[in-house]
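Throughout, read-outs are computed from the coordinates displayed, never taken from laboratory work. All values derive from a computational prediction rather than experimental measurement. In this analysis, Cβ positions are derived from the backbone assuming ideal geometry, glycine residues included, and neighbour counts consider all displayed protein chains.
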Amino acid sequence: MSILSKINLPKDLKKLSFNQLRKLNDELRDYTIQVVSKTGGHLGASLGVIELTSALHYVFDTPRDKIIWDVGHQTYPHKILTGRKSKIHTLRKKNGLSGFTKRSESIYDPFGAAHSSTSVSANLGITAARDMLNQNFDVISIIGDGAISAGLAYEGLNNLGHLNKNSLIILNDNEMSIAEPVGAMSKYLVKLLSSKSYESFRDIIKNFTKRLPNEVGDFAKKTEGYLKGYLTGNTLFEELGLNYLGPIDGHNLKLLVQLFKKYKNKELHGPVFLHLITKKGKGYKPAESSKDKFHGVSSFNLKTGVQNKSKEKTFTNVVSDTLLKLAKKDNKIVAITAAMPSGTGLDKFKEIFPNRFYDVGIAEQHAVTFAGGMATEKVKPFVAIYSTFLQRAYDQIIHDIAIQSLPVRFLIDRSGFVGADGATHAGSFDLSYLCCLPNFIVMAPSSGEELKNMIKLSMTINDKPSAIRYPRNLANDYNEKAKFNIIKLGEAKLVKKGKRIAFLSLGTRLQKILEVSELIKKNYKFQCSVLDMRFAKPIDKKSINSLIKNHEIFVTIEENAIGGFSSQVNNYLLNESSKSPKILNFFMKDKFIDQSDIEDQYTLSGISSKKIYEKLTSFLK
């Protein structure tokens, strides 16, 4: 019988000998690979923290002691060891386990996460509450080298050093975030691995040195970063008031257990910053040899590592193709991403135009204002960011772009539902948070061809910001070789002309609305009008006015929460038009919808073709 089969909770780990714990790691790594080969998900990061995960639960008294995982990409082994092994096959599926940490899922997840760089601030908040209430438990955060490039991480570290709380921050440095790590911080961490000995250290460093196992120094020597006393003094982290320890081999199980025991036994005090070096994808050759180390994968062949991915064009592919075409003719076009060159389709742009491509790391706020600065000098920046991540830069969108009416062009990927990644990654709010801003043009294509032409249109908008939002879906109706068609600013497209009911559709729900209109024609014997609105702002008032004359019901459809496109239409029909028809609005329900397949999410949110038809026919009766 395997050791893993006997492990259901962290308390079971404490019964193991060290050799059994080492064998458990091998089984845990193999089991994680097997599971993700079927479910898909974030494999590489999880394989890199097998030893770290088991050592943490082996030493610390979880869930009383709090382990806070940043992002959550690396938490599959954690889930397996904390009572969720029997459900791990439901990972990222409807009514199954989330792909990230989630408070409502387990007592072993003290703080939910799916976006990066939150773990330090959450740690300090829990630690401060602990001390205020005179409680006694440890708080540990694990943050990756990519996540630590974000400003929020440094705000937390700065405050942690100032308050001098007993807390453990673990930097999981695998020199590989989602994409190649960028920026000064990445270079700084590399420099730490090759820096020479320092001549003087603070007293606290000397005290630390006496308590550390020999392996700390041995590993530092191997990385050519031998640091006097096995610690680097006067690092950036030390200057922030943290007790820096490292770099340390994050796969050395014996050393990790020794260090955690010393921390648990209060031999190390204050805010401790432990710098681990790990290998993303460790233990699975296809992952180790792949470019992205199997960061986010679909299901795959266990033996070969070949993923089961569709080769059809997605909306992201359309963005990639179109930007390349335009950039070849206009040398003022630049592309900006926040640590997601592949995910946003800009990796090809990077290869062909390296001097016009900027990956700013996990720093969406900086990306937006950086683009604004470029726009003031007549450069044409395209900022490609997932909808859910663009939320992090909302103040910069308002203050630095909208108020100054700068022509930054936003390419908002993953708008709408995203299936297995669930509520944390769904692009549910971009129409709501952009349509309310003065000076903004907001577009949503119904097809790949529409997206291509909208990107071309954005090139002509040079006096204000514009945004194009699109889903992660396959792009229907797209011909890479076809010429651009002209779209006029703010002009909708009449797809079907009819009477009584006017469908005002925004985005890719158009095909489903056409299905609904056909059902109405079949069962109610009249043809509805269907308008592809294209623009959430400004809306096409002229086309709406032409429909008011012989349509008694207006129906808006969008894949967004309340307050977006429908609000623009409602405001016009109720407050500005000469006649106010009956209005039905279809948008995402006012609730967060968990992971499932996208069609199921449409149904749950009431915007599937069936749900729209049922509500509309009830309204007609």
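Key figures for this structure:
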| quantity | calculated |
| --- | --- |
| Reference-scaled alpha-carbon Rg (2.2 N^0.38 Å with N residues) for the range 1-111 | 0.97 |
| Two-decimal ratio, the range 500-576, of alpha-carbon radius of gyration to 2.2 N^0.38 Å | 1.07 |
| Part-to-part distance (alpha-carbon centres) for the range 248-318 and the range 94-108, which is given in Å | 20 Å |
| Of LYS452/LYS615; LYS452/LYS541; LYS38/LYS493, those spanning more than 31 Å from alpha-carbon to alpha-carbon | LYS452/LYS615; LYS38/LYS493 |
| Inter-probe distance in nm under a simple model that places probes 7 Å from Cα toward Cβ, at LYS332 and MET1 | 7.2 nm |
| Simple Cβ-charge dipole of the range 359-411, Lys/Arg +1 and Asp/Glu -1, about Cα centre, in debye nearest 20 | 180 debye |
| Protection proxy ranking, peptides 421-431, 436-446, 322-332, 293-303, average beta carbon neighbours within 10 Å, highest first | 421-431, 436-446, 293-303, 322-332 |
| Most to least packed among 51-59, 484-492 [average Cβ atoms within 10 Å] | 51-59, 484-492 |
| The range 476-612 shape via C-alpha gyration tensor axes, a/c threshold 1.5 | rounded |
| Separation in nanometres of the label points that stand 7 Å from Cα toward Cβ, at ILE486 and ASP395 | 4.3 nm |
| If the convex hull is drawn through the Cα atoms of the range 404-469, its volume per residue in Å³ | 82 Å³ |
| Added length on full extension, which subtracts the Cα-Cα distance from 0.36 nm per residue, LYS94 to LYS266 | 57.6 nm |
| Taking the range 524-602 and dividing mean pair separation by its residue count, relative contact order in percent (alpha carbons under 8 Å, at least six apart) | 31 percent |
| Cβ-derived FRET efficiency at R0 35 Å, LYS541 paired with ASN462, nearest 0.05 | 0.90 |
| Three-way shape label, the range 249-384, alpha-carbon gyration tensor, a/c 1.5 | oblate |
| Label-point separation in nm, GLU155 to LYS38, each point 7 Å along Cα→Cβ | 4.2 nm |
| Length-normalised contact order for the range 1-154 - Cα pairs under 8 Å, 6+ apart - percent | 24 percent |
| R0 of 25 Å, Cβ-Cβ distance ARG500-SER580: FRET efficiency to nearest 0.05 | 0.95 |
| Gain in span if fully extended, SER17 to THR617, counting 0.36 nm per residue against the direct Cα distance | 209.3 nm |
| Calculated FRET efficiency for the pair PHE526/ASP26, C-beta based, R₀ 56 Å, to 0.05 | 0.25 |
| Tail beyond 39 Å, pair distance distribution of the chain (Cα, percent) | 36 percent |
| Shape metrics for the range 86-141, restricted to C-alpha atoms - Rg then Dmax, Å | 13.8, 40 |
| Extension gain, GLN135 back to ILE107 (0.36 nm per residue minus Cα-Cα distance, nm) | 8.3 nm |
| Protection proxy ranking, peptides 244-255, 343-354, average beta carbon neighbours within 10 Å, highest first | 244-255, 343-354 |
| C-alpha long axis of helix 151-163 to longest principal axis of the chain, angle in ° | 40 degrees |
| Value of relative contact order over the chain, rounded to a whole percent, pairs C-alpha under 8 Å and six or more apart | 11 percent |
